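This report refers to the structure that appears directly beneath it.
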Amino acid sequence: MDLIPSPRFRSPPMDRFLEIDAVRGLAIVMMVAYHALFDLSFTGVAEIPVTTGFWKGFQLATATVFLGIAGVALSLSAARARGRLDEKAFLRKFLWRGAGIVAAGMVVTAVTLVLIPRAPVLFGVLHCIGVSILLSPLFFRFRRLLPVAGAGVILLGVLAFPIEGPALLLPLGVYPPGFSSLDWVPLFPWMGVVMLGIALGDRLYPGGNRAFPVPPALPGITGPAAWLGRHSLLLYFLHQPLILALFALLIPGFGQALVAALAG
């Protein structure tokens, strides 16, 4: 029997690989799950140790998947752009893309500064991905060194950071006294994950082409997750308001607990 795709999960454009979108979609599901638990803990509705133990590891795994697959996608995008863009257009492509992601991160910063001024997102996952994209043309020039360089950035980030210092260096892993944030993803070590993702993408998709076979059933298996992955940025912005609205409808007293938690 032929598998007919659901109209809600239409086939992706021909220049996209389902497995990349599906992994990004998995990261979205992991993020939503973690943030739902975090919201219950933040409001005091449930005692869930989201900052220690298993759930802390789950949070780190989610960030690793997000940033790693961003690197793989960067590798694929660069390989395809090389064949049709001159050097200036190639550079401009990634500068604009990176600036757009940083701008999206600044929207998150602005909202959290207003709603949660004691723990705003000053340099979160979107900021880290955006800056990594801005720097990616430099990475592409030294592709053979990326595995070592990426591992070095991670190792340096783990061994030397975070450390106390001026707030202007927050993107690097330096924090001022009393600093608190709902989402802090500094370049050390996390940019190293993007770099390793680029190196992995170079190996799996040389020249922008898939270098491994996929099962014929892949579209049916990955369809819903791939759909989520293709709309990851929109879902990133929408998921928290939707989670909070759902909890407010389903959990008595959640709205009041949220207001009290935000008032701090």
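If I take R0 = 22 Å and measure r between the Cβ atoms of Leu135 and Met106 in this structure, what FRET efficiency does the formula 1/(1 + (r/R0)^6) give, to the nearest 0.05?
0.80
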Can you run phi through the Karplus equation (6.51, -1.76, 1.60; θ = phi - 60°) for the stretch 217-234 and list ³J(HN,Hα) in whole Hz, with x for Gly and Pro? 7, 3, x, x, 6, 9, x, x, 5, 5, 4, 4, x, 6, 10, 4, 5, 4
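In the calculated pair distance distribution of the stretch 116-182, what percentage of Cα-Cα distances lie above 19 Å?
Numbers: 971 of 2211 pairs.
It works out to 44 percent of all Cα pairs.
Which loop-located trypsin sites (Lys or Arg not before Pro) does the stretch 65-152 contain, where loop means any DSSP state but H, G, I, E or B and the Cβ has at most 11 other Cβ atoms within 10 Å?
Numbers: sites: Arg80, Arg82, Arg84, Lys88, Arg92, Lys93, Arg97, Arg118, Arg141, Arg143, Arg144; in loops: Arg84, Arg118.
Sparse-neighbourhood loop trypsin sites (Lys or Arg not before Pro): Arg84, Arg118.
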Arrange Met106, Met31 by Cβ neighbour counts within 10 Å, fewest through most, would you? Met106, Met31
If you look at just the Cα atoms of the stretch 28-173, how large are its Rg and its Dmax in Å? 17.5, 55
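Quote the FRET efficiency, to the nearest 0.05, computed for Ala263 versus Leu95 with a Förster distance R0 of 45 Å and r equal to the Cβ-Cβ distance.
Working from the Cβ atoms, E equals 0.65.
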What 222 nm value per residue comes from the helices of the chain, counting each DSSP H run with n ≥ 4 as -39,500 (n - 2.57) and dividing by all residues, nearest 500 deg cm²/dmol? -23000 deg cm²/dmol
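Take the Cα radius of gyration of the chain and divide it by 2.2 N^0.38 Å, with N its residue count; two decimals is plenty. Spell out each step's value before the answer.
Working: Rg = 19.6 Å, N = 264, 2.2 N^0.38 = 18.3 Å.
The reported ratio for this selection is 1.07.
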Quick one: which residues, 5+ away or cross-chain, put their amide H under 5 Å from the amide H of Tyr175? H built at 1.01 Å from N. Ile163, Glu164, Gly165
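Taking only the C-alpha atoms, wrap a convex hull around the stretch 69-117 and report its volume per residue in Å³ as a whole number. Mind dumping the intermediate values first?
Details: hull volume 3.4 nm³, N = 49.
So the per-residue Cα hull volume is 69 Å³.
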Whole-Hz Karplus ³J(HN,Hα) for the stretch 62-76, in order, using 6.51 cos²θ - 1.76 cosθ + 1.60 and θ = phi - 60°, x for Gly and Pro? 4, 4, 5, 5, 4, 6, x, 5, 4, x, 4, 5, 4, 4, 5
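Using a Förster distance of 22 Å, how high is the FRET efficiency between Leu249 and Val114, based on the Cβ-Cβ distance and rounded to 0.05? If you can, show how the numbers build up before the last one.
Values: r = 24 Å, r/R0 = 1.09.
So, using R0 = 22 Å, E works out to roughly 0.40.
Bear in mind these aren't lab numbers, they're just calculated from the coordinates by the rules spelled out. Bear in mind that the values here come from a model prediction, so they are computed numbers and not experimental data. Backbone-built Cβ (ideal geometry, glycine too); neighbour counts: all protein chains shown.
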